[in-house]
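*Asks:* Before I ask anything, here is the structure I am working with.
The values are calculated or read from the model by the stated rules, or taken from the named source; none is laboratory data. Model, not experiment: these values are computed from the prediction. With ideal geometry, Cβ positions are generated from the backbone for all residues, glycine too; neighbour counts draw on all protein chains shown. Just so you know, the surface numbers come from the protein's heavy atoms only, side chains and all, with ligands and any DNA or RNA stripped out. Shrake-Rupley method; radii C 1.70, N 1.55, O 1.52, S 1.80 Å.
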Amino acid sequence: MILEDQLESILQKFIVETFLYGDQSAAPRKEDSFMEKGIIDSMGVLELVTYLETKMGIPVYDEEIIPSNFDSVEKLTRYIKRKRNGGAHAG
């Protein structure tokens, strides 16, 4: 299981490798909006959901797939922490 203090760096690495083809110079800051920066589109969000479900064991419900949960490394980290702490349908 991934430790909470490692979440941001692991998510950042996934974003860079998956959506920026390993280009570290284009890596977003933790608070940067994926949508505003053009890093992730709607298909990318689905890829993020799959990653969370398969690699992190986080069940993601349709109603949770909203910008306040999925639009930055910071928001993703908070979302995962809520889910791990029993936050069903966190939003």
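*Asks:* Could you check the spin-label model distance between GLU74 and LYS37? Points 7 Å from the Cα along Cα→Cβ, value in nm.
*Replies:* 1.2
*Asks:* Using a 1.4 angstrom probe and counting only protein chains, how large is the accessible area of ARG84 in Å², to 10?
*Replies:* Solvent-accessible area, nearest 10 Å²: 60 Å².
*Asks:* Sticking with this structure for a sec: Please calculate how many Å² of accessible area segment 30-91 carries per residue, with a 1.4 Å probe and no DNA, RNA or ligand atoms counted.
*Replies:* 55
*Asks:* Working out 0.36 nm times the residue gap between ARG84 and ILE65, then minus their Cα-Cα distance, what length gain in nm do you get to one decimal?
*Replies:* Full-extension gain reported as 5.2 nm.
*Asks:* With the full set of protein chains in place, find how many percent of the accessible area of the chain is carbon and sulfur; take the probe as 1.4 Å.
*Replies:* Heavy-atom surface of the chain belonging to carbon and sulfur, 1.4 Å probe: 51 percent.
*Asks:* Would you kindly state the longest site-free stretch of the chain, with sites defined as chymotrypsin sites (Phe, Trp or Tyr not before Pro) in a DSSP loop (not H, G, I, E, B) surrounded by at most 13 other Cβ atoms within 10 Å?
*Replies:* Answer from the scan: 22-60.
*Asks:* Evaluate the distance, in nm, between pseudo-label points positioned 7 Å from the Cα of SER9 and of ALA26 along their respective Cα→Cβ axes.
*Replies:* Placing both labels 7 Å along Cα→Cβ, they lie 2.4 nm apart.
*Asks:* I'd like the Karplus ³J(HN,Hα) series for segment 41-50: coefficients 6.51, -1.76, 1.60, θ = phi - 60°, whole numbers in Hz, and an x wherever there's a Gly or Pro.
*Replies:* 9, 4, 5, x, 4, 5, 5, 4, 4, 4
*Asks:* Oh, and also: Could you report the accessible area of MET43 in Å², rounded to 10, computed with a 1.4 Å probe on the protein chains as they sit in the structure?
*Replies:* We get 130 Å² for MET43.
*Asks:* Using Cα springs under 10 Å in a Gaussian network model of the chain, which residue among ILE40, ILE15, ILE58 shows the largest mean-square fluctuation?
*Replies:* Maximum fluctuation in the GNM of the chain, among the listed residues, is at ILE58.
*Asks:* A follow-up question, please. Name the most mobile residue of GLY38, GLY57, GLY22, meaning the one with the largest mean-square fluctuation, in a Gaussian network model of the chain with Cα contacts below 10 Å.
*Replies:* GLY38
*Asks:* Please compute the net charge surrounding PRO28, taking Lys and Arg as +1 and Asp and Glu as -1 over other residues with Cβ under 14 Å from its Cβ.
*Replies:* -3
*Asks:* Taking θ as phi - 60°, what are the ³J(HN,Hα) couplings along segment 57-73 by the Karplus curve (6.51, -1.76, 1.60), each to the nearest whole Hz, with x for Gly and Pro?
*Replies:* Listing the rounded values in order: x, 9, x, 10, 9, 3, 5, 8, 7, 9, x, 5, 10, 10, 9, 6, 4 Hz.
*Asks:* Let me ask something additional. In whole angstrom, how far apart do the alpha carbon centroids of segment 63-78 and segment 14-30 sit?
*Replies:* After rounding, the separation between the Cα centres reads 17 Å.
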